[in-house]
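Undergrad: The following block contains the structure, expressed as structure tokens.
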Amino acid sequence: QSQSHFKRFKIPLISSMIALPRLLVTLAFLFGTAFSFAPASPLLHDRHAVITRSIPRTRSTAVALSASGFDIDNPFNPFKNPEVEGDPARLLSTRLRGCNLYLVGMMGSGKSAVGKALAGGMGYTFLDTDRILEQAAGVSIPQIFEEDGEVAFRKAETQVLESVGGFERCLGSTGGGLVVREENWKTLRTGVVLYLNVAPTTIMTRIRGTDRPLLQTDNPLETLISLVEMRRERYERADVVVNVKANMDVQMTADACVKALHEFVDGNPPVIARFYR
């Protein structure tokens, strides 16, 4: 019986929890001590309390009453109001008031590259759930699929997402299949979900030659098309959909996301409550 990398995670049927401290330390390092965890989830339990206590908490905590509304101090959309001065991405950050963003979409849709560009423009912290999982597990995702299977990977992926959801002003790039697990939507719905919709043929051009685990088949394009169709309903639950054309580069796509997010904020009334403690 092979040694499972997920013996480091607290997953049903696997008792060891070696990697949870690693996961938390990785997240703390990526954010720095200016950020804090939300109240610890049951996954963390008492043995990991020393880690969460070691990270200073901020004085305020934003509580989202709905993923589709905002406490808007600056109600101006620079795309609709030319007199508004300032970078549209920075203005978007102000309008969102620290609400997290989550990018969803198929593998190869550009979530990581676009997410970095978007987060940089907004002044948000960028986190890639796949990269965090690899750092915590100490192996690559293809290795995880091969040695532990997709079910174990998806459970660990949920743990990572829940941990990321404990921060504010975060832009999370998620794995292509993360939307499939219903429980992940509990975390996704605490922020704004943006779907990068890219045609399968464009995706195949981008990822040709890579070792994507789910595309190791006789006909990768056919497999990809099938996966898109199976996941479409989940992807289209997103608050914002950006249709990415083959000729759009990373910055063009990020700019399209900024514009779409401003329009989304315009259409949603204030429902974020901020409590100080």
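Undergrad: Would you mind telling me which numbered condition in (1) in contact with a Lys or Arg (Cβ under 8 Å, 6 or more places away or on another chain); (2) open to solvent by 40 Å² or more (accessible area, probe 1.4 Å) E233 fails?
TA: Only one criterion in (1) in contact with a Lys or Arg (Cβ under 8 Å, 6 or more places away or on another chain); (2) open to solvent by 40 Å² or more (accessible area, probe 1.4 Å) is unmet by E233, namely (1).
Undergrad: In addition: Just to be sure before I move on: is S93 among the polar types (S, T, N, Q), within 14 Å of the chain's Cα centre (by Cα) and closer than 24 Å to V258 by Cα in the structure I sent?
TA: no
Undergrad: Quick check: is even one residue across region 219-234 touching a strand residue (DSSP E or B) at 6+ places or on another chain (Cβ under 6 Å) and modelled with pLDDT of 90 or more?
TA: No; the residues of region 219-234 include none that is touching a strand residue (DSSP E or B) at 6+ places or on another chain (Cβ under 6 Å) and modelled with pLDDT of 90 or more.
Undergrad: Has region 127-136 got at least one residue that is part of a loop (DSSP other than H, G, I, E, B), under 13 Å from the mean Cα position of the chain (by Cα) and surrounded by 22 or more Cβ atoms within 10 Å (Cβ to Cβ)? Quick ask: steps written out before the conclusion?
TA: The first filter runs over region 127-136 and keeps only residues part of a loop (DSSP other than H, G, I, E, B), leaving none.
For region 127-136, residues part of a loop (DSSP other than H, G, I, E, B), under 13 Å from the mean Cα position of the chain (by Cα) and surrounded by 22 or more Cβ atoms within 10 Å (Cβ to Cβ): absent.
Undergrad: State yes or no: is I144 modelled with pLDDT under 90, touching a helix residue (DSSP H, G or I) at 6+ places or on another chain (Cβ under 6 Å), closer than 24 Å to L127 by Cβ and not hydroxyl-bearing (S, T, Y)?
TA: yes
Undergrad: Which numbered condition in (1) of a type in the set (G, A, S); (2) more than 26 Å from Y124 (Cα to Cα); (3) modelled with pLDDT of 90 or more is the only one that G191 fails?
TA: It is condition (2) that G191 fails.
Undergrad: Return the only residue of V180, V151 being without any contact (Cβ under 8 Å) to a residue 24 or more places away in the chain, under 25 Å from S226 (Cα atoms) and open to solvent by 20 Å² or more (accessible area, probe 1.4 Å).
TA: So the residue among V180, V151 that is without any contact (Cβ under 8 Å) to a residue 24 or more places away in the chain, under 25 Å from S226 (Cα atoms) and open to solvent by 20 Å² or more (accessible area, probe 1.4 Å) is V151.
Undergrad: Starting from region 82-103, keep only residues that are part of a strand (DSSP E or B), then list their pairs with residues that are of a type in the set (G, A, S) and open to solvent by 30 Å² or more (accessible area, probe 1.4 Å) whose Cβ atoms are within a distance under 9 Å, requiring at least 6 positions of separation or different chains.
TA: Pairs that qualify, where the first residue is part of a strand (DSSP E or B) and the partner is of a type in the set (G, A, S) and open to solvent by 30 Å² or more (accessible area, probe 1.4 Å), are L103/S112.
Undergrad: From L92, L127, L101, which residue is touching a Cys at 6+ places or on another chain (Cβ under 7 Å) and under 29 Å from G267 (Cβ atoms)?
TA: From the options L92, L127, L101, the qualifying one is L127.
Undergrad: Looking at A246, A260, A238 in this structure, which one is among the hydrophobic types (A, V, I, L, M, F, W, C) and either loosely packed, with under 15 Cβ neighbours inside 10 Å or at pLDDT below 95 (or both)?
TA: Of the residues listed, the single one that is among the hydrophobic types (A, V, I, L, M, F, W, C) and either loosely packed, with under 15 Cβ neighbours inside 10 Å or at pLDDT below 95 (or both) is A246.
The values are calculated or read from the model by the stated rules, or taken from the named source; none is laboratory data. Please read these numbers as outputs of a predicted model, since none were measured by experiment. Cβ: placed from backbone, ideal geometry, glycine included. Neighbour counts: every protein chain shown. What goes into the accessible areas is simple: the full protein's heavy atoms, side chains included, and nothing from ligands, DNA or RNA. Shrake-Rupley method; radii C 1.70, N 1.55, O 1.52, S 1.80 Å.
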